[in-house]
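A quick write-up on the structure given underneath.
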Number of protein chains: 2
Amino acid sequence: MASQYLVTIDWGTSFLRAYLCELSKDAELRLIETQVGRGVSKCDGNFEQELLNCISSWIPQYGKLPVYMAGQISSSIGWQNTKYLPCPLAPKDIAFGGKSFSANGHDIYVLPGTSCEYPDQSFDVMRGEELQILGWMQLALAHETGKHILCLPGTHTKWVLVENGTIRLFKTAMTGELFDILSNSSVLIEEPNDNFDSKVFIEGAEYVLQGDAGDFSHDLFSVRTRQIQAQLTKQQATSYLSGILIGTDARAAQQSPYWEFDQVESIHIVGSIKLSKYFATVLGLMGYKSKTYDAKQTSLLGFASILKQRCLTNSTN
Amino acid sequence: MASQYLVTIDWGTSFLRAYLCELSKDAELRLIETQVGRGVSKCDGNFEQELLNCISSWIPQYGKLPVYMAGQISSSIGWQNTKYLPCPLAPKDIAFGGKSFSANGHDIYVLPGTSCEYPDQSFDVMRGEELQILGWMQLALAHETGKHILCLPGTHTKWVLVENGTIRLFKTAMTGELFDILSNSSVLIEEPNDNFDSKVFIEGAEYVLQGDAGDFSHDLFSVRTRQIQAQLTKQQATSYLSGILIGTDARAAQQSPYWEFDQVESIHIVGSIKLSKYFATVLGLMGYKSKTYDAKQTSLLGFASILKQRCLTNSTN
């Protein structure tokens with residue numbers, strides 16, 4: 001595989017993040033430069049123009065670059081709607097199950113979404129987070145065998161069962177989105193703030209973990225009653241709410257009938273440094289060790305995994 | 001007790017509703033006229049002026065009327081902050097535990113809030129809904145003996161255990177508020193609408209009732225996945241979400257360790273006609289019969305209960 005340049009893009013609802021990368025001979029991606037553009041819901045359907053705006057400064061030096069895209073850009077509100085591939089899925093399924101097309105002389109590959117169906121006929125979907133799973137698989141040989149649980153916190157948390165290098169099952173919890181709307185639009189928080197208070201975060205999580213599993217909507221109200229009782233200040237309420245939400249999320253994942261936290265090799269968290277730490281803290285309260293990884297780096301490794309699959313296959317043709 | 005005129009006021013966060021009433025000789029309240037004003041959070045702290053604006057048209061004919069107020073007007077963001085009285089509470093505790101004051105020649109009585117503390121030291125509060133409980137107690141002699149569960153749906157659902165004519169315990173679930181913010185600010189609902197679809201409402205409730213109790217944040221996501229699978233239209237999504245939320249709420253109440261749905265005399269719902277019907281439907285799916293009552297009428301009966309307590313006591317002084 002010769003060294004080459006390419007663009008990888010994480011194109012979500014709110015932002016487009018384009019990474020100019022060099023693919024080394026041993027299939028590693030080195031990040032050269034980043035450009036940020038408008039997300040899928042912000043660019044009035046002018047996706048091609050938005051892409052060109054972001055990458056145009058690279059063309060004089062590197063020419064028409066191949067582009068690899070993941071995220072909501074391939075959803076029904078995006079540019080090229082790709083189907084949801086059903087689990088179980090191996091990396092090669094994701095590397096070849098998306099859509100290839102050209103725009104303004106650039107060869108573009110956009111990833112598929114993934115889905116899974118449960119025995120009770122409920123259904124779940126993911127779009128974009130697969131990259132982090134593929135990237136995580138690249139991190140150690142041990143990740144390619146046995147059963148592992150991955151937690152991918154974000155707007156929606158994805159809990160994923162990876163078994164022998166394939167994505168077996170996953171489960172979504174709307175934790176990040178609930179945190180945002182409850183922080184900004186509910187009676188619970190008068191003054192949203194970013195000052196994280198570890199002590200009340202843990203109090204929130206422990207309150208949930210010690211209570212009834214089904215009591216979410218009542219547990220939430222404790223954010224207000226604790227302020228009324230002067231057990232919590234307005235400034236602390238945001239951290240306490242976060243503890244309630246992440247406690248509920250992690251406990252629901254642990255109680256899922258579709259995997260056993262006690263019977264997997266290991267538990268891993270791939271997300272922002274901040275969120276990963278919060279989830280690791282709550283898993284710790286529940287008695288589970290976990291390892292954390294930075295989502296951006298892991299996504300880049302995920303693109304490298306896809307390139308490796310596609311280039312290796314091409315070179316054997 | 002002589003026939004007399006008075007004003008009863010339900011002064012919530014968003015609206016003030018003032019009712020000119022006649023108190024009959026047998027302590028019944030007859031509604032003569034209604035005025036609507038601005039809620040506690042909408043009148044810039046000018047509470048006295050807002051009250052006078054609402055009742056001024058009645059003064060020429062009826063003079064300086066006694067005023068009875070309930071709701072958020074007595075909270076920390078209101079006019080006169082009354083304390084939370086701890087359960088168990090009899091009607092007379094609420095009739096005398098509030099605050100009396102005068103404004104512009106009107107004698108005003110504002111109700112207390114109520115609170116309850118659980119063995120796990122968690123805490124709950126209510127402010128305004130007590131009226132409906134007192135009113136419901138007036139509806140039948142049978143309500144004054146034995147154990148009964150009351151469900152008061154609204155912005156926050158209150159589930160209340162009434163035993164031998166006293167409020168023993170209650171529990172809040174933020175169901176109505178979650179419905180509002182999820183309908184208007186989340187990825188789940190693209191087009192909020194008021195067309196109630198009974199079939200998908202029941203599907204939402206049954207999905208929850210058949211699943212894991214702790215899975216709220218995942219169950220919510222089914223509002224989106226069912227749209228992706230074309231099992232639910234955009235127009236139906238609001239009704240389905242309502243089923244998810246009310247199913248979760250009613251199941252959590254039923255599973256509370258502090259009362260037994262199977263061991264109470266009866267279950268009653270006091271709320272808007274629409275919401276009461278939704279809760280009764282879900283309780284029916286769970287195998288429980290319930291009776292429904294209109295909240296406005298019941299509130300008026302609650303004020304009558306307070307007047308009866310206060311006037312009877314006064315007349316014996």
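Points to keep in mind about this one:
- Of the candidates B:I244, B:I269, the single residue that is hydrophobic (A, V, I, L, M, F, W, C), closer than 24 Å to B:V187 by Cβ and not assigned by TED's automatic domain parsing to the domain that holds B:S24 is B:I244.
- Residue ID - nearest to the other protein chains (Cβ to nearest Cβ), chosen from residues in region A:204-220 that are small (G, A, S) and more than 13 Å from B:Q255 (Cβ to Cβ): A:G204
- Some residue of region B:66-87 being assigned by TED's automatic domain parsing to the domain that holds B:P112, part of a helix (DSSP H, G or I) and not polar (S, T, N, Q): yes
- Criterion: away from chain A (no Cβ under 13 Å) and under 19 Å from B:K171 (Cα atoms) - qualifying residue of B:G78, B:G71: B:G71
- B:T114 meets all of the listed conditions (1) out of contact with any Asp or Glu (no Cβ under 7 Å at 6 or more places or on another chain); (2) not in a loop (DSSP other than H, G, I, E, B); (3) not aliphatic (A, V, I, L, M) but one, namely (1).
- Filter pass, B:G214 being within 23 Å of the chain's Cα centre (by Cα) and buried (at least 21 other Cβ atoms within 10 Å of the Cβ): no
- Taken together, the criteria place B:S242 among residues that are under 23 Å from B:G176 (Cβ atoms) and not charged (D, E, K, R).
- Checking each residue in region B:225-238 for being of a type outside the set (V, I, T) and surrounded by fewer than 23 Cβ atoms within 10 Å (Cβ to Cβ) picks out B:R226, B:Q227, B:Q229, B:A230, B:Q231, B:L232, B:K234, B:Q235, B:Q236.
- Among the residues of region B:13-38, those that are part of a strand (DSSP E or B) and of a type in the set (A, V, I, L, M, F, W, C) comprise B:F15, B:L16, B:A18, B:L20, B:C21, B:L23, B:L29, B:L31, B:I32, B:V36.
- Of the criteria (1) in contact with a helix residue (DSSP H, G or I) (Cβ under 9 Å, 6 or more places away or on another chain); (2) surrounded by fewer than 21 Cβ atoms within 10 Å (Cβ to Cβ); (3) within 14 Å of chain A (Cβ to nearest Cβ); (4) charged (D, E, K, R), which one B:D124 fails: (2)
- Only residues that are part of a loop (DSSP other than H, G, I, E, B) and either away from every other protein chain (no Cβ under 14 Å) or surrounded by fewer than 24 Cβ atoms within 10 Å (Cβ to Cβ) (or both) were counted in region B:130-155, giving 7.
- Subset of region A:184-199 that is closer than 19 Å to B:M174 by Cβ and surrounded by 18 or more Cβ atoms within 10 Å (Cβ to Cβ) - its residue that is farthest from the other protein chains (Cβ to nearest Cβ): A:I189
- Residues of region A:39-53 satisfying the condition of being modelled with pLDDT under 95 and in a helix (DSSP H, G or I): A:V40, A:S41, A:K42
- Restricting attention to region B:243-259 and to residues that are surrounded by fewer than 23 Cβ atoms within 10 Å (Cβ to Cβ) and more than 8 Å from chain A (Cβ to nearest Cβ), the residue that is nearest to A:T155 (Cα to Cα) turns out to be B:Q254.
- Matching helices (runs of 4 or more DSSP H) fully within region A:200-317 where at least 2 residues are in contact with an Asp or Glu (Cβ under 7 Å, 6 or more places away or on another chain) and without any contact (Cβ under 8 Å) to a residue 12 or more places away in the chain: A:216-228
- Hits in region B:106-148 - residues which are within 22 Å of B:W259 (Cβ to Cβ) and of a type in the set (F, W, Y): B:Y118, B:F123, B:W136
- Test set (1) closer than 19 Å to A:T13 by Cα; (2) part of a strand (DSSP E or B) - A:F101 fails condition number: (1)
- Considering region A:260-313, the residues that are touching a Phe, Trp or Tyr at 6+ places or on another chain (Cβ under 6 Å) and of a type in the set (V, I, T) include one that is surrounded by the most Cβ atoms within 10 Å (Cβ to Cβ), namely A:V270.
The values are calculated or read from the model by the stated rules, or taken from the named source; none is laboratory data. Here the structure is a predicted model, which means the values were calculated and not measured. Cβ atoms come from the backbone with ideal geometry, glycine included; neighbour counts cover every protein chain shown.
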